[in-house]
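Take a look at the structure below.
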Amino acid sequence: MSGVPEHQKVFSVQGTLYTVRKCIGTGGTSVVYEINDKNNCSFALKRVDIHGNPAPLNSLRGEIELLQHLSSEARVVQLISYEITEKSLMLVMELGEMDLRVLLKHNDFGLNTAFIRYWATEVFLCVKAVHSYEIVHSDLKPENFLVVKGHLKIIDFGIANIVPDYTVNVHRDTKMGTVSYMAPEAVCGQTTFQGPDFKVGKPTDIWSCGCILYKMVYGCTPLEQYGRQQLAVLESESLQINFPKVVKSRRIPKGLLELMHGCLIRDPKKRLTAEEALQGIFLNPRSVDFEFIQDLIVKSVAWGQKFKSEPTTERLHDLIQGVWTKVIELNDMDLEPEPEPHPDPPAN
């Protein structure tokens, strides 16, 4: 079908005919199309050429098994159907509007905290869901989060693994992943009598989430500046990541800095979990807490007992500003300019 125009191509998968609308992606030996069935419903079709190179089949079979295992999970792209022939493997999957990489391209990286909070929450909700099945994705990056009706879903489980019951890690004999989003433990293996041993687990995915979050904030991944030396920098015990506190003249909220720090700790045992990230002050902001209410009431009663009179406008302004500052601190927001107090009305 190589000589047929894209819009005239027709694929049959498990007896169902699909008409190609357009090509939406290519990579290696695979091509991804947007397709329609006879009811004009849209899907994505991933076609992998395996003719003369059956090596990818094992990885693809593993991906199919994981997608079937996750078929009821709303945060994972749905596998509709698949077919394996001597020449190719075809996967029919849920179609999204775009991936997170494209979405981030449209962000001006001017520290839009509402944008970052929403999409970071979506990322961690996806990862929390996959981790609840004891699955480590191992290649989380913006391209592998698909936007479907305003929400994110994870795609591409090509190197994902289920963590065995007897451990918290998956053991590999080679480095796998995308360099800019790889965790130190994914590149710093131990040498055993059987060869290299790389231990990756759920914290490995959290590091990748930290890199995605870092890119949302600063417009680049943490080690992007090192180019081809990124792997060597990751292997260094003295690895230090820079977290500027200001972006385009805007202060980065404390909770956002803490979230990035918590994901990008070198020791995987000390990193946040997806649930902890979601419950942190940046992704789960709260205007007030019990101590705040208690402190406010105690101070109000004490003030009334001390002065036993109506406060002046200036004094009232100071009290209100103090409460507002505390709310901002708890809610992890940027401080707004102080409004000028209104003068007291003239005495009659």
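All of the numbers you see were taken from the coordinates with simple rules; none came from a lab. Since we're looking at a predicted model, the values are computed, not measured. Neighbour counts run over all protein chains shown; Cβ positions are idealised from the backbone, glycine included.
Each of Trp324, Trp119, Trp207 has some number of other Cβ atoms within 10 Å of its Cβ, and from fewest to most they run Trp324, Trp119, Trp207.
Just to compare against my own numbers: the Cα pair-distance distribution for region 34-155, 5 Å bins, whole % per bin, please. Binned Cα distances yield the sequence 2, 10, 18, 20, 19, 14, 10, 5, 2, 1, 0. When the square roots of the Cα gyration tensor eigenvalues are ordered a ≥ b ≥ c, the ratio a/c for region 6-93 is 1.5 or more and a/b does not exceed b/c, which makes its shape oblate. Mind running the shape call on region 100-149? Use the C-alpha gyration tensor, a ≥ b ≥ c as the square roots of the eigenvalues: rounded below 1.5 for a/c, prolate if a/b tops b/c, oblate otherwise. Note, shape of region 100-149 comes out prolate. Kindly identify region 212-304 as rounded, prolate or oblate by the Cα gyration tensor criterion: order the square roots of the eigenvalues as a ≥ b ≥ c, call it rounded if a/c is under 1.5, otherwise compare a/b with b/c, prolate if a/b is larger, else oblate. The shape class here is prolate.
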